[in-house]
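Novice: Below you will find the structure I want to go over with you.
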Amino acid sequence: MVRCVAVDDEPLALRQIKEYIARTPSLELVAACRSASQARDVLDREDADLLFVDIDMPDQNGLDFVGSLDGFRFVIFTTAYSEFAIDGFKLNAIDYLLKPFGYDEFLKAVDKAVSLKELIERSRSADEARQEEAAVEDREFLSVRADYRTMLVRISDIVYLESVGEYVRLHIAGSSPIVTLFRLKNMETTLPADSFMRVHRSYIVNLRRITGYAKGRIYFDGDEYVPLGEKYREQFLKYIDK
């Protein structure tokens, strides 16, 4: 099942997308939003695979909205203006639906998203199995697949982990980041719970690498920081209080 969020400031256009989603067994509607800011609030609380985004919206246009999301999943742009198509594809959109569009056009675009999601999940499952087989028993190291090879990363050297679409970027102390095909939530269960904590939909931090916290930001050496998500604030502040 592909979880999706629809974003369009036009009530009739939004209702049409909702109806199309309801007709499509492979889709599950998470939320229908009238603005980019409303959609951003939803994405801070909910997981979603696919966005249907109108481009011409008053508070923030769809291109800027998608471009501001950190490595966000699959996007299908919807608009009445064909001149936006090239800009949409520059953001790696799966497809571009020109209004008014029918259900057949909608379904063709959705099929691309479903097929790509299935392909990525099969690849991820195989890669995760290889990583589990190669895991070091004492858990001093984390085995990850990157740049067509398996790498052993010392867990204590990981500063924080960042979700980037279908990948995870490991930020390593004194080294360049490593990008691997892996789910952040699977990383969360793999890493030791006494030293790593999920603090945002897109971030896990090494608690022993934190140097400070202020105004919703968690800091590390060199003034590098990650945001603290509202959903995770209470758990993190309890840790800080200790």
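The values are calculated or read from the model by the stated rules, or taken from the named source; none is laboratory data. Remember, it's a predicted structure, so these values are computed and weren't measured experimentally. Every residue, glycine among them, receives a Cβ derived from its backbone with ideal geometry; neighbour counts consider all protein chains shown.
Novice: Please indicate, with yes or no, whether at least one residue in the range 98-107 is of a type in the set (Gly, Ala, Ser) and either crowded, with 19+ Cβ neighbours inside 10 Å or at pLDDT 90 or above (or both).
Specialist: For the range 98-107, residues of a type in the set (Gly, Ala, Ser) and either crowded, with 19+ Cβ neighbours inside 10 Å or at pLDDT 90 or above (or both): present.
Novice: Here is a further query. Among the residues of the range 198-224, write down those that are surrounded by fewer than 20 Cβ atoms within 10 Å (Cβ to Cβ), aromatic (Phe, Trp, Tyr) and within 23 Å of the chain's Cα centre (by Cα).
Specialist: Tyr219, Phe220, listed by residue number.
Novice: Identify, from the list Ala93, Ala85, the residue that is modelled with pLDDT under 85, part of a loop (DSSP other than H, G, I, E, B) and of a type in the set (A, V, I, L, M).
Specialist: Answer to the check: Ala93.
For every residue, the table says whether it meets (1) surrounded by fewer than 20 Cβ atoms within 10 Å (Cβ to Cβ); (2) within 18 Å of the chain's Cα centre (by Cα).
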{"position": "Val5", "(1), (2)": "no, yes"}
{"position": "Asp9", "(1), (2)": "yes, no"}
{"position": "Leu14", "(1), (2)": "yes, no"}
{"position": "Glu19", "(1), (2)": "yes, no"}
{"position": "Thr24", "(1), (2)": "yes, no"}
{"position": "Arg34", "(1), (2)": "yes, no"}
{"position": "Ala39", "(1), (2)": "no, yes"}
{"position": "Asp47", "(1), (2)": "yes, yes"}
{"position": "Val53", "(1), (2)": "no, yes"}
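Conditions tested, residue by residue: (1) in contact with a Cys (Cβ under 8 Å, 6 or more places away or on another chain); (2) modelled with pLDDT under 90; (3) of a type outside the set (D, E, K, R).
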residue	(1), (2), (3)
Glu137	no, yes, no
Leu152	no, yes, yes
Asp157	no, no, no
Ala173	no, no, yes
Ser176	no, no, yes
Thr190	no, yes, yes
His200	no, no, yes
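Novice: Looking only at the range 222-242, which residues are farther than 23 Å from Arg40 by Cα and either in contact (Cβ under 8 Å) with a residue 60 or more places away in the chain or small (Gly, Ala, Ser) (or both)?
Specialist: Gly222, Glu224
Novice: Which members of the range 148-165 meet the condition of being out of contact with any Asp or Glu (no Cβ under 9 Å at 6 or more places or on another chain) and either closer than 18 Å to Ile218 by Cβ or charged (D, E, K, R) (or both)?
Specialist: Across the range 148-165, the qualifying residues are Arg149, Asp157, Ile158.
Novice: Residues of the range 159-171 being closer than 28 Å to Phe74 by Cβ, buried (at least 17 other Cβ atoms within 10 Å of the Cβ) and among the aliphatic types (A, V, I, L, M), which ones?
Specialist: Residues satisfying the conditions are Leu161, Val168, Leu170.
Novice: Could you tell me whether any residue of the range 164-186 is in contact with a His (Cβ under 8 Å, 6 or more places away or on another chain) and under 22 Å from Ser68 (Cα atoms)?
Specialist: The answer is yes; a qualifying residue exists.
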